[in-house]
There are 2 protein chains.
Amino acid sequence: MSVRISPARPEDCATLMRLVLALAEYEQLSHLVVGSEEQLRRELFGVHPVIEAVLAWDDEVAVGFALYFHNYSTFLARRGLYLEDLFVVPEARGRGIGKALIRHCAQVACMRHCGRFEWAVLDWNEPAIAFYRSLGAELLPDWRICRVSGAALMRLAESDARAT
Amino acid sequence: MSVRISPARPEDCATLMRLVLALAEYEQLSHLVVGSEEQLRRELFGVHPVIEAVLAWDDEVAVGFALYFHNYSTFLARRGLYLEDLFVVPEARGRGIGKALIRHCAQVACMRHCGRFEWAVLDWNEPAIAFYRSLGAELLPDWRICRVSGAALMRLAESDARAT
């Protein structure tokens, strides 16, 4: 039976959280997961959702997911689609499920007239980069992400920055 | 008189669009600006806004802006704040207005319990990187952005990707 891609429903949140944990384990980043199923449910289905997710189902078993949100380009004055997470459980790989999830996101981006579809990749992950290039993606070579978090974010918010 | 930072109002859209065009001109990217004031107004003040903006006012003159939206971390299960654009008109630089705009965003991020505050920088823009580091930002060295747009995005959406 072929794999079916469908939008996450409220009753899928436990399954989705399980897949998020599997992704973290695969990336050896389990210690960084502090979110709960309840928080995930709120961001997906609360009053002002910021994220959307789709699941890949092999019969009754969830074998992968994609989680995305809208970003924005001021020059285009259009939204883009940003893929935050893509994961296929190891035992279901090699069957085109990752590509089917990415294609689904591209379809959403096209239907919504998004100017771009973007995601991040680690620069040493050559198999992933080759795969993404085969899908038509270009790698932006010279942009880097700046991040402020935790105590540094509080310090910045409380810093003296009166413009004169 | 000191500079005042305040959220963009619907009547500020023409001013904001003028600053977006000034930013594009400064970056020598004017040819990439295809958005209109009307599109900007829709994304800021329409039924489902995706962006927010603040303007820096020197008396009655708008001298800068910051435009941001929420992104999301699955591991944190929390929203982040993403700064898409920051601009201060050349004649108003050196007065701390850029820092005041960034600080305002950090305050919004803290008030909304965001896990992170992020933005992108060009890896060769050493003055900007030094400035951001002085604000407590870390540079993520190994993440790169993948982008699919235009005809490549249409091709990906229409590609054969049935998972088996």
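The values are calculated or read from the model by the stated rules, or taken from the named source; none is laboratory data. What you see is a predicted model; the values in this text were computed from it and never measured. Here Cβ is always computed from backbone atoms with ideal geometry, including for glycine, and neighbour counts include all displayed protein chains. SASA here: full protein model, heavy atoms, side chains in, ligands and nucleic acids out. Shrake-Rupley method; radii C 1.70, N 1.55, O 1.52, S 1.80 Å.
Remarks
- Test set (1) surrounded by fewer than 22 Cβ atoms within 10 Å (Cβ to Cβ); (2) small (Gly, Ala, Ser); (3) closer than 18 Å to A:Val108 by Cβ - A:Ala66 fails condition number: (1)
- Subset of the stretch B:37-84 (residues that are closer than 22 Å to A:Phe69 by Cα, at the interface with chain A (Cβ under 7 Å from one of its Cβ atoms) and small (Gly, Ala, Ser)): B:Ala77
- Apart from one condition, B:Gly94 fits all of (1) open to solvent by 20 Å² or more (accessible area, probe 1.4 Å); (2) under 22 Å from A:Tyr72 (Cα atoms); (3) assigned to a loop (DSSP other than H, G, I, E, B); the exception is (2).
- Selection from the stretch B:37-64 of residues that are within 18 Å of A:Tyr72 (Cα to Cα) and either part of a loop (DSSP other than H, G, I, E, B) or of a type in the set (S, T, N, Q) (or both): B:Gln39, B:Gly46, B:Val47, B:His48, B:Pro49, B:Val50, B:Ile51
- Failed item, numbered, when A:Val63 is tested on (1) at pLDDT below 95; (2) over 25 Å from B:Glu84 (Cα atoms): (1)
- Matching residues in the stretch B:105-164 - criterion: being over 17 Å from A:Leu140 (Cα atoms), open to solvent by 30 Å² or more (accessible area, probe 1.4 Å) and facing chain A (nearest Cβ under 7 Å): B:Gln107, B:Cys110, B:Arg116, B:Tyr132, B:Gly136, B:Glu138, B:Met154, B:Arg155, B:Arg162, B:Thr164
- Tabulated pairs, the stretch A:142-157, first farther than 16 Å from A:Trp119 by Cα, second open to solvent by 30 Å² or more (accessible area, probe 1.4 Å) and among the charged types (D, E, K, R), C-beta under 7 angstrom, 6+ apart or interchain: A:Arg147/B:Arg116; A:Arg147/B:Glu138; A:Ser149/B:Arg116; A:Leu156/B:Arg103; A:Ala157/B:Arg103
- The residues of the stretch B:66-97 that are of a type in the set (Gly, Ala, Ser), at pLDDT 95 or above and either touching a Leu at 6+ places or on another chain (Cβ under 9 Å) or under 30 Å from A:Leu44 (Cα atoms) (or both), listed by number, are B:Ala66, B:Gly80.
- Residue within the stretch A:34-42 that is among the aliphatic types (A, V, I, L, M), out of contact with any Lys or Arg (no Cβ under 9 Å at 6 or more places or on another chain), surrounded by fewer than 16 Cβ atoms within 10 Å (Cβ to Cβ) and modelled with pLDDT under 95 present: no
- Applying the criterion of being under 17 Å from B:Trp57 (Cα atoms) and not in a helix (DSSP H, G or I) to the residues of the stretch B:6-36, the residue that is farthest from the other protein chains (Cβ to nearest Cβ) is B:Arg9.
- The listed residue being farther than 30 Å from B:Val33 by Cα and surrounded by fewer than 23 Cβ atoms within 10 Å (Cβ to Cβ), out of A:Leu55, A:Leu83, A:Leu76: A:Leu55
- Considering the stretch B:1-29, the residues that are open to solvent by 60 Å² or more (accessible area, probe 1.4 Å) and among the polar types (S, T, N, Q) include one that is nearest to the chain's Cα centre (by Cα), namely B:Gln28.
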